[in-house]
Protein chains: 2
Amino acid sequence: MNKKELFELIKRKKSFLCVGLDSDLAKIPTHLLDNEDPVFEFNKQIIEATIEFAVAYKPNLAFYESRGSVGIRSLEKTIAYLSKCKNEAFTIADAKRGDIGNTSKEYAKTFLDSYGFDAVTVAPYMGEDSVSPFLTFRDKWVALLALTSNKGAFDFQLIENKENGKRLFEEVLETSKKWGTTDNLMYVVGATKAEMLADIRKIVPNHFLLVPGVGAQGGSLQEVAKYGLNSQCGLLVNSSRGIIFKSNDKDFAKTAGEEAKKLQEQMAQILDVKNLL
Amino acid sequence: MNKKELFELIKRKKSFLCVGLDSDLAKIPTHLLDNEDPVFEFNKQIIEATIEFAVAYKPNLAFYESRGSVGIRSLEKTIAYLSKCKNEAFTIADAKRGDIGNTSKEYAKTFLDSYGFDAVTVAPYMGEDSVSPFLTFRDKWVALLALTSNKGAFDFQLIENKENGKRLFEEVLETSKKWGTTDNLMYVVGATKAEMLADIRKIVPNHFLLVPGVGAQGGSLQEVAKYGLNSQCGLLVNSSRGIIFKSNDKDFAKTAGEEAKKLQEQMAQILDVKNLL
């Protein structure tokens, strides 16, 4: 999906909600465990209940890989199911990959070509040749880690460069934006640091930002929108546990739909106030 | 495997060689393609031919994930096969993971508990809570990226901190060494930057270093040993393509064994000269 189509989708659904499919087998409702593939069944019902309100889905690879080849089958079925909703959902593999060139090339093929995700999250530590292989696929995206939502973000991401005073996450933005374009590169910026979105927007005014950390991790949607919105929305705000595990009873899908709807309604209002609809 | 056992293994085999199982289906000998699981068959024959000369094996996850659940089955079978060689091989999942705490915890369980690898490579960008979940398993290890072997290493890893003049990879070493011990934390340092191993040894004199980049990437074993060896060896030097793809004909395993033997013989001499045997 390209940028224009993504913005069209956002306007049509009046939403920039991404639902994180952190579908931990140990946390899904127990009545699903009788199914042949409980995690896929869970995802399917979550997607059905939320697709009216969400523009993107982000399976977190950790929760699929943890069950070996069986878990990968659940992922394959989930992405196949999402593919049927073509032009209804932007799909992101939350994989946080990044390795030397020939290895990154292999990961890129896996996520963007074989699985067919629209985007994959990538870690910047190894530099350009670890990221650029992901940027060679038409209408596909890298979501590059810039400023993450966790406590450990403070360990290295805020270190100031002796040469120019820029913090590491700013260096990552400045340097990496030359590797791609606003049509194939977006950045991961944690909602827990919303006020720093203003600094980020000075460097990448036109890029999409993928913002995790709303909900369970404590970030505020209003704050994120205040500092992060641009003229083409420019935001995908992710909620995982706050939607998919809000109930772990038989009503889990319905409850997930209601939580997604609440966020979508706030998003519709935000987009409306900013004259983006 | 703990540090003492690893050093015993190194002394017994007179080797600190790690064989990288970057087992790309597109590059393995074509006569193997008739097998039910060609990649596993390739790995099995490579392991049989090299285990006399190597102390460690490092499957590169990219080349297994690229074939979805089928590829993961090849990995599962490979690690099961390696487990049978208990105390004969230290096993490293080259996965370069790293995510927020609950996700890293899931990755850690996957690689160190479910698969049962001895170690997993981890990226440092997200800081302590992204790394520490991997450090909670008895006799298991994190191999944390410090200074990588690729060109992109120059993009961010050498940025100097305004506060203390330290380069980012030095900050990663200084900060992260407090998260673990010399018994559960090792560092990835590229062989292509061997002279910088001297700087690294000032910060982490007693940690093991996992050194990729010898062979196909151009690093020199003698240089690595000169700057990197410590009193308990402290090195695992990896070669992937230079061993496993040296021949892609029917003699591939025999040739891999010969290449491994050449490196092992150089390593035996290095260890002998340093009185480590």
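The values are calculated or read from the model by the stated rules, or taken from the named source; none is laboratory data. Keep in mind it's a predicted model, so treat the numbers as computed, not measured. In this analysis, Cβ positions are derived from the backbone assuming ideal geometry, glycine residues included, and neighbour counts consider all displayed protein chains.
Among the residues of the stretch A:151-193, write down those that are in contact (Cβ under 8 Å) with a residue 60 or more places away in the chain and buried (at least 23 other Cβ atoms within 10 Å of the Cβ).
So the first thing to find is which residues in the stretch A:151-193 are in contact (Cβ under 8 Å) with a residue 60 or more places away in the chain, and the list is A:182-183, A:186, A:188.
A:186, A:188, listed by residue number.
Say we look at the stretch B:64-85 and pick out the residues that are away from every other protein chain (no Cβ under 12 Å) and under 17 Å from the mean Cα position of the chain (by Cα); which of these is farthest from residue A:105 (Cα to Cα)? It would help to see each step written out before you state the result.
The initial filter retains those residues of the stretch B:64-85 that are away from every other protein chain (no Cβ under 12 Å), namely B:78, B:81-85.
Now narrow it down to the ones that are under 17 Å from the mean Cα position of the chain (by Cα): B:78, B:82-83.
On the way: B:78: 23, B:82: 27, B:83: 29 Å.
This residue is B:83.
Against the definition (assigned to a strand (DSSP E or B) and either more than 25 Å from residue B:105 (Cα to Cα) or facing another protein chain (nearest Cβ under 10 Å) (or both)), how does residue A:145 come out, yes or no? Even if it seems obvious, please write down each step before you answer.
Details: assigned to a strand (DSSP E or B): yes; either more than 25 Å from residue B:105 (Cα to Cα) or facing another protein chain (nearest Cβ under 10 Å) (or both): yes.
Spelling it out, residue A:145 is indeed assigned to a strand (DSSP E or B) and either more than 25 Å from residue B:105 (Cα to Cα) or facing another protein chain (nearest Cβ under 10 Å) (or both).
Pick from the stretch A:97-115 the residues that are in contact (Cβ under 8 Å) with a residue 12 or more places away in the chain and closer than 26 Å to residue A:4 by Cβ: which of them is farthest from the other protein chains (Cβ to nearest Cβ)?
Among those residues, the one meeting the criterion is A:112.
Could you tell me how many of the residues in the stretch A:126-142 are more than 13 Å from chain B (Cβ to nearest Cβ) and either charged (D, E, K, R) or part of a strand (DSSP E or B) (or both)?
Looking only at that region, the number is 5.
Suppose we filter the stretch B:247-267 for residues that are surrounded by 18 or more Cβ atoms within 10 Å (Cβ to Cβ) and either in contact with a Gly (Cβ under 9 Å, 6 or more places away or on another chain) or within 16 Å of residue B:224 (Cα to Cα) (or both); how many remain?
4
Do you know which residues across the stretch A:19-61 are free of Cβ contacts under 8 Å to residues at least 12 places away in the same chain and within 12 Å of chain B (Cβ to nearest Cβ)?
A:26
Restricted to the stretch B:231-254, and to residues that are more than 18 Å from residue B:56 (Cα to Cα) and not small (Gly, Ala, Ser), which residue is nearest to the chain's Cα centre (by Cα)?
Kept after step one, since they are more than 18 Å from residue B:56 (Cα to Cα), are these residues of the stretch B:231-254: B:231, B:246-252, B:254.
When the remaining residues are screened for being not small (Gly, Ala, Ser), the result is B:246, B:248-252, B:254.
Numbers: B:246: 19, B:248: 23, B:249: 26, B:250: 27, B:251: 25, B:252: 22, B:254: 22 Å.
In this case the residue turns out to be B:246.
Give B:104, B:83, B:23 a once-over and let me know the one that is over 23 Å from residue B:260 (Cα atoms) and of a type in the set (S, T, N, Q).
Details: B:83 fails: over 23 Å from residue B:260 (Cα atoms); B:23 fails: over 23 Å from residue B:260 (Cα atoms).
Criteria check complete, one pass: B:104.
Name the residue, out of A:94, A:118, that is more than 9 Å from every other protein chain (Cβ to nearest Cβ), more than 20 Å from residue B:27 (Cα to Cα), among the charged types (D, E, K, R) and crowded, with 20+ Cβ neighbours inside 10 Å. I'd like the intermediate steps shown before the answer.
Working: A:94 fails: more than 9 Å from every other protein chain (Cβ to nearest Cβ).
Among A:94, A:118, only A:118 is more than 9 Å from every other protein chain (Cβ to nearest Cβ), more than 20 Å from residue B:27 (Cα to Cα), among the charged types (D, E, K, R) and crowded, with 20+ Cβ neighbours inside 10 Å.
Of these, B:8, B:41, B:76, which one is assigned to a helix (DSSP H, G or I), surrounded by fewer than 24 Cβ atoms within 10 Å (Cβ to Cβ) and in contact with a Leu (Cβ under 6 Å, 6 or more places away or on another chain)? Give the derivation first.
Values: B:8 fails: in contact with a Leu (Cβ under 6 Å, 6 or more places away or on another chain); B:76 fails: in contact with a Leu (Cβ under 6 Å, 6 or more places away or on another chain).
Just one listed residue meets the conditions, B:41.
Does residue A:48 satisfy being at pLDDT 95 or above and within 22 Å of residue A:187 (Cα to Cα)?
On the way: at pLDDT 95 or above: yes; within 22 Å of residue A:187 (Cα to Cα): no.
Here the answer is no, as residue A:48 does not meet what is asked.
Got a sec? Which of A:61, A:17 is under 18 Å from residue B:109 (Cα atoms), out of contact with any Ser or Thr (no Cβ under 6 Å at 6 or more places or on another chain) and buried (at least 24 other Cβ atoms within 10 Å of the Cβ)?
Details: A:17 fails: under 18 Å from residue B:109 (Cα atoms).
Every option except A:61 fails the conditions.
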